[in-house]
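For reference, the structure is listed below as structure tokens.
The values are calculated or read from the model by the stated rules, or taken from the named source; none is laboratory data. Please read all numbers here as calculations on a predicted model, not as lab measurements. Neighbour counts run over all protein chains shown; Cβ positions are idealised from the backbone, glycine included. Side chains included, ligands, DNA and RNA excluded: accessible areas come from the protein's heavy atoms. Shrake-Rupley method; radii C 1.70, N 1.55, O 1.52, S 1.80 Å.
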Amino acid sequence: MNEWSTHEVARLAGTTSRTLRHYDAIGVLSPTRVGANGYRYYDSDALVRLQRILLMRELGLGLPQIADVLARPATVDEALVQHLAWLREEQGRLDRQIASVEATLHAHEKGEEPMAEQMFDGFDHTAHRREVAERWGEQAAADSDRWWQGLDEALKGDWKAQTAALGAAWTDAATRAIAPDGAEAHELAARHVAWLRGIPGTPAADPDGDVAGYVRGLGELYVADPRFAANYGGQAGAEFVRDALAAYADAHL
């Protein structure tokens with residue numbers, strides 16, 4: 001069985017020995033064994049656990065929330081599948097952003113005007129336009145597009161920040177395993193519905209729209225499509241959001 005010392009693990013993971021000792025002190029990652037000389041050693045299972053910890057840190061989770069996730073009965077493979085879905089989503093988004101910025105840079109180097117159609121790929125909220133059109137009609141997708149293109153860069157930045165903050169709040173709530181029909185989940189769902197109401201073209205923004213049906217349908221879409229699920233920490237997070245939105249719709253919409 002392979003083992004790695006604290007120093008070796010810190011080097012491999014790009015972290016520090018002090019951080020590893022802290023993880024041990026708070027109970028999220030203990031060494032596999034401690035030698036007679038006091039040196040700590042980690043086996044491959046411990047390295048997998050450390051990988052999960054570092055991935056969740058990338059998701060923005062705090063150590064108390066990470067400890068809660070690690071304490072759940074889900075298998076390591078199930079957890080890694082969720083992490084992988086999020087990473088693939090991020091990879092696709094970052095690849096599009098890189099290509100977009102490279103195209104702009106090349107245009108500037110040649111003294112050419114950059115193509116507006118390419119400049120914001122990977123940044124646009126309309127990445128899932130096809131799903132919107134299929135589920136709620138081409139008019140809804142067109143209205144949403146028109147609204148987005150009419151925003152200036154500051155407003156687009158604000159909207160993206162609100163979206164990211166909402167996703168982080170859902171992910172945090174899901175990792176703490178709060179009740180999807182409880183008061184805290186209801187508050188998050190109300191915030192989510194208010195966010196949806198601010199997007200023209202959606203049934204939520206239509207005074208006569210089927211808001212309850214729309215919210216429930218979105219919840220199912222979040223679960224069905226890993227690209228959406230990645231916004232909420234993976235499949236388990238998306239299922240929590242779906243259940244919380246459905247409970248809120250039953251009680252308030």
Margin query: Please verify whether LEU218 is part of a helix (DSSP H, G or I), over 28 Å from ILE53 (Cα atoms), open to solvent by less than 20 Å² (accessible area, probe 1.4 Å) and not β-branched (Val, Ile, Thr), treating the condition exactly as stated.
Written below: yes
Checklist line | Residues located in segment 3-29, provided they are assigned to a loop (DSSP other than H, G, I, E, B), out of contact with any strand residue (DSSP E or B) (no Cβ under 9 Å at 6 or more places or on another chain) and closer than 22 Å to ALA79 by Cβ | finding: GLY14, THR15, ILE26, GLY27, VAL28
Margin query: Can you tell me how many residues within segment 39-49 are buried (at least 20 other Cβ atoms within 10 Å of the Cβ), out of contact with any Asp or Glu (no Cβ under 7 Å at 6 or more places or on another chain) and either part of a helix (DSSP H, G or I) or hydroxyl-bearing (Ser, Thr, Tyr) (or both)?
Written below: 1
Item checked: Complete set of residues in segment 157-205 that are closer than 21 Å to ASP250 by Cβ, open to solvent by 50 Å² or more (accessible area, probe 1.4 Å) and without any contact (Cβ under 8 Å) to a residue 24 or more places away in the chain -> ALA179, ALA183, GLU184, GLU187, ALA194, ARG197
Margin query: Name the single residue that is nearest to the chain's Cα centre (by Cα) among those in segment 1-24 being open to solvent by less than 90 Å² (accessible area, probe 1.4 Å) and among the aliphatic types (A, V, I, L, M).
Written below: ALA13
Next item on the list: Considering only residues that are open to solvent by 80 Å² or more (accessible area, probe 1.4 Å) and not charged (D, E, K, R), look in segment 95-111 and name the one that is modelled with the lowest pLDDT.
Entry: HIS108
Item checked: Residue list for segment 27-38, filter: surrounded by 12 or more Cβ atoms within 10 Å (Cβ to Cβ) and in contact with a helix residue (DSSP H, G or I) (Cβ under 7 Å, 6 or more places away or on another chain) -> VAL28, LEU29, SER30, PRO31, THR32
